[in-house]
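Written out below as structure tokens is the structure these notes cover.
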Amino acid sequence: MAQRAPESMSISMPGGAAIDAELRPDDPGEMVELTMIEPVRRRVFECCPICGDPATSEEHVPPKRIGGKKLTLTCEPCNNRLGSYVEPDLIDWVEGAISRPLLRSDAVQGPRKEKRLLVRNTPAGEFILLVDGHAHPDLAAILASGEIDLDAVLPNWGRCKLALLKHAYLAACLTYGVLEGEVADEIRRDLVSARDAKSRQDVPMSRQAMGLTVCRTYEPTTDEPAIRAVLHEPAGAVEGVLLVGRIFVSWSSTVSEELPQVDRRVSRTLQVGPPIPGTVMSVRP
Ligand SMILES: [Zn+2]
């Protein structure tokens, strides 16, 4: 997962037509106003701000893959083990990707697993699926059959929000010093429980994480990895951090006792026409 998935791509088609595939939401959502205050600066503590063990490991805030920088030190398990459990879902969400989808058609026996599909949209609102990396050798035969069953699980929203909790919490510690109080204790407990889970599937969900306010823009406004910012909501101003110019995460949580369903499975049958050769004209990372 070293290289970031391309965000947009222009493909020229025979007859002069072009397809513009972009990372954009199906639904543009509401406009919200955000004020950027100041960049979050590098700050190092003796102890890991998450668990209190010696801080020995360079931590990117947010993850490097989505544009984070080395802004602090945590301990090895809080950096790498916790990261490997919760950050793949955040990366898939940010990159508009579906990991390990299953494709099935009458042309081949049994399902085939692709590594990753990128979901992109055209300005007209049509969706485009791009294979990230090498396509399965049977994909051409599957596509040629005219009808494909696609089965996939979208990024797990509970783990994605735990990753956002981790990086918003670290950004808050870099701004104000290691946070104190009951809420901070609950956040640290939740992050350590996620870190110490037996596997990614066993990561317990967190009320603090699920209660975060998260907003996203598809037009990044800055290259700074983390900026203290205020979101102006109808109910009042919410303080938090803007990560890589595109994801706002609140520093407060609207905690509810009920944890929503976080696994979102998609099952679709896709009709496929005959292949048309196109040429990729440009790619934006
Ligand atoms: Zn730690």
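No lab work stands behind these numbers, since they all come straight from the coordinates. Quick caveat: nothing in here was measured; it's all calculated off a predicted structure. Quick reminder, even Gly has a Cβ in these numbers, built from the backbone with ideal geometry, and neighbours come from all protein chains shown.
On average over all directions, what projected area in square nanometres does the chain have, based on the convex hull of its Cα atoms? Walk me through the intermediate numbers first.
Details: hull surface 65.8 nm².
Quarter of the Cα hull surface area: 16.5 nm².
Projecting each Cα onto the charge dipole of the chain (Lys/Arg +1, Asp/Glu -1 at the beta carbon, about the Cα centre), which of 184, 197, 37 comes out farthest on the positive side?
The one lying farthest along the dipole's positive direction is 197.
Which lysines, if any, have their Cα less than 24 Å from the Cα of residue 70, not counting same-chain residues under 8 positions apart?
Of all the lysines, those that pass the test against residue 70 - Cα under 24 Å, at least 8 places apart if same chain - are 161, 166.
Using the Kirkwood radius built from alpha carbon pairs, what does the Stokes-Einstein equation give as D for segment 1-67 at 10 °C and 1.306 mPa s, in µm² per second? If you can, show how the numbers build up before the last one.
On the way: Rh = 17.2 Å.
After rounding, the answer is 92 µm²/s.
Give me the one-decimal nm value for the distance between modelled label points at residue 263 and residue 219, 7 Å along each residue's Cα-to-Cβ direction.
3.9
Treating each Cα of segment 70-166 as an identical point scatterer and ignoring solvent, apply the Debye formula and state log10 I(q)/I(0) at q = 0.12, 0.22, 0.23 Å⁻¹.
-0.51, -1.10, -1.15
Positive end of the charge dipole of the chain (Lys, Arg +1 and Asp, Glu -1 on Cβ, about the Cα centre): tell me which of 214, 137, 170 has its Cα farthest that way.
Result: 137, furthest along the dipole toward the positive end.
Mind listing the lone cysteines of the chain, meaning no other Cys beta-carbon sits under 4.7 Å from theirs?
Among the cysteines of the chain, those whose Cβ sits 4.7 Å or more from every other are 47, 51, 78, 160, 173, 215.
Going Cα to Cα from residue 115, which aspartates and glutamates come in below 15 Å? Please leave out same-chain ones fewer than 8 positions away.
Once the sequence-local aspartates and glutamates are set aside, what remains near residue 115 is 89, 92, 95, 132, 138, 151.
Does segment 1-128 classify as rounded, prolate or oblate by the C-alpha gyration tensor (a ≥ b ≥ c root eigenvalues; a/c under 1.5 gives rounded; else a/b over b/c gives prolate, otherwise oblate)?
In terms of gyration-tensor shape, oblate.
With only alpha-carbon atoms in the gyration tensor, what are the semi-axes of the equivalent ellipsoid for segment 129-194, in Å, largest first?
44, 13, 8
Of the listed peptides 36-47, 68-79, 242-253, 158-169, what is their order by residue-averaged count of other C-beta atoms within 10 Å, with the highest listed first?
Highest mean packing first, the order is 158-169, 242-253, 68-79, 36-47.
Quick one, can you get me the convex hull of the C-alpha atoms of segment 75-228 expressed as volume per residue in Å³?
155
Under a Cβ-Cβ cut-off of 9 Å, what is the net charge of the residues other than residue 131 that fall near it, where Lys and Arg count +1 and Asp and Glu count -1?
Taking every other residue near residue 131 into account, the sum is 0.
Name the residue farthest towards the positive end of the dipole of the chain from the options 243, 21, 55, assuming +1 on Cβ of Lys and Arg, -1 on Cβ of Asp and Glu, about the Cα centre.
The residue sitting farthest along the positive end of the dipole is 55.
Where a Cα-Cα gap under 12 Å defines reach, which aspartates and glutamates qualify for residue 69, not counting those fewer than 8 residues away within the same chain?
Cα-Cα hits under 12 Å: 58, 59, 223, 224.
Specify the inter-centroid distance of segment 1-33 and segment 218-285, based on alpha-carbon positions, in whole Å.
Centre-to-centre (Cα) distance: 14 Å.
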